[in-house]
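Down below is the structure, laid out as structure tokens.
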Amino acid sequence: MTGTPQGSDNPRVRFADTLTRTVTAAGARFVYRELGAGNGGVPMVALTHLGANLDSWDPELVDPLAGDRRVILLGYRGVGESTGEIRDRFEDMAADAIAAIRALGLSRVDLFGLSMGGMVAQEILRQAPELVERVVFAGTGPQGGPGLTVMTGVTVRTILRGAVTFTNPTTLLFFTRTPAGKQAAKAYQARLKLRRTGRDKPVTPGVFRAQLRAVNRWGREMAPPSSFTGPVLIVHGDSDRMVPVGNASALLARYPDADVHIFADSGHGVAFQNRGAVIDAVNHLLQR
């Protein structure tokens, strides 16, 4: 599982080939994968969605992001090969991420928060704003955001529907049922299989339960004021069933200078379905 971080030594290494490493922090070992050379710039730390491990990243999103920067895909405590007790509060997940980032010797990073990862990223901004240069929020929402308290019901019902119809739940949760959405879902599922060796451990039901508790708690809490003033990018699908599109406006109210991109005929997998446009928007953000 462990080995030399090929991503830092060979900028051309792909997500499908880069080795999985561990970093010890806060009493646990966190798995991570690293790509890109960085060229001396600020590295990007990416935090994934609910019920995901390191294999849940889309190679066609990650590889271009690491084209001219160092990208670190960081796991959560107790998820996949990471050790420790599973967290059910984003405050604790953020504290873990901060500890792991600092254990990697990093004092300044950009963040890419995908869905639940965006909620963890917001907590990182609250706990350690000095650590973050810029942030990307993809398909996520703030504390008390619209519709977040019903995510548990939506997710559980869709997982059951997927089991009955022999359909991967992410196909139903992340994409619309239009012809374009169905095609995007099929291509996405194929890309997730490109990594054939060194895969992360499967996500357990206990991980789902703990993370859904965290989301439910997040949806019921009021968001404290944000002191973060760095550049922010918000991307969201107009047909997101898990995190309704109104959360993009709720985030904009907290980060009024953010760039906002709403993608048509896109669901919770907005960053996977619209990879090229999202990568362009991220590159624009990183030039600010």
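Being of a type in the set (S, T, N, Q) and under 13 Å from the mean Cα position of the chain (by Cα) is the filter; apply it to region 31-67 and report the residue that is nearest to G113 (Cα to Cα).
Once the filter is applied, the top-ranked residue is T48.
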If a residue has to be in a loop (DSSP other than H, G, I, E, B) and either of a type outside the set (S, T, N, Q) or out of contact with any strand residue (DSSP E or B) (no Cβ under 8 Å at 6 or more places or on another chain) (or both) to count, how many in region 132-147 make the cut?
8
State which residue is nearest to the chain's Cα centre (by Cα) when the search covers only region 148-176 and only residues that are at pLDDT below 95 and part of a loop (DSSP other than H, G, I, E, B).
N168
Residues that are closer than 17 Å to L73 by Cα and either over 9 Å from the mean Cα position of the chain (by Cα) or acidic (D, E) (or both), drawn from region 134-145
R134, V135, V136
Hits in region 168-200 (condition: closer than 14 Å to G269 by Cβ, loosely packed, with under 15 Cβ neighbours inside 10 Å and β-branched (V, I, T)):
T178
Count of residues meeting criterion [touching a His at 6+ places or on another chain (Cβ under 7 Å) and surrounded by fewer than 24 Cβ atoms within 10 Å (Cβ to Cβ)] in region 248-262
1
Selection count, region 227-247, where residues are without any contact (Cβ under 8 Å) to a residue 40 or more places away in the chain and either crowded, with 17+ Cβ neighbours inside 10 Å or farther than 13 Å from T140 by Cα (or both)
2
Scan region 29-67 for residues that are under 30 Å from I159 (Cα atoms) and part of a strand (DSSP E or B) and report the count.
8
Top-ranked residue in region 201-226 [being aliphatic (A, V, I, L, M) and under 17 Å from I124 (Cα atoms); ranked as surrounded by the fewest Cβ atoms within 10 Å (Cβ to Cβ)]
M222
Show the residue pairs that are 6+ apart or on different chains and have beta-carbon atoms under 8 Å apart, the first residue being within region 17-34 and at pLDDT 95 or above, the second being surrounded by 20 or more Cβ atoms within 10 Å (Cβ to Cβ) and of a type in the set (D, E).
T18/E34; T20/D200; R21/E34; A25/D96; A26/D96; A28/D96; F30/D96; V31/D200
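The values are calculated or read from the model by the stated rules, or taken from the named source; none is laboratory data. This structure is a prediction, so every number in the text was calculated from the model and none was measured. So basically every Cβ, Gly included, is an ideal-geometry build from the backbone, and we count neighbours across all protein chains shown.
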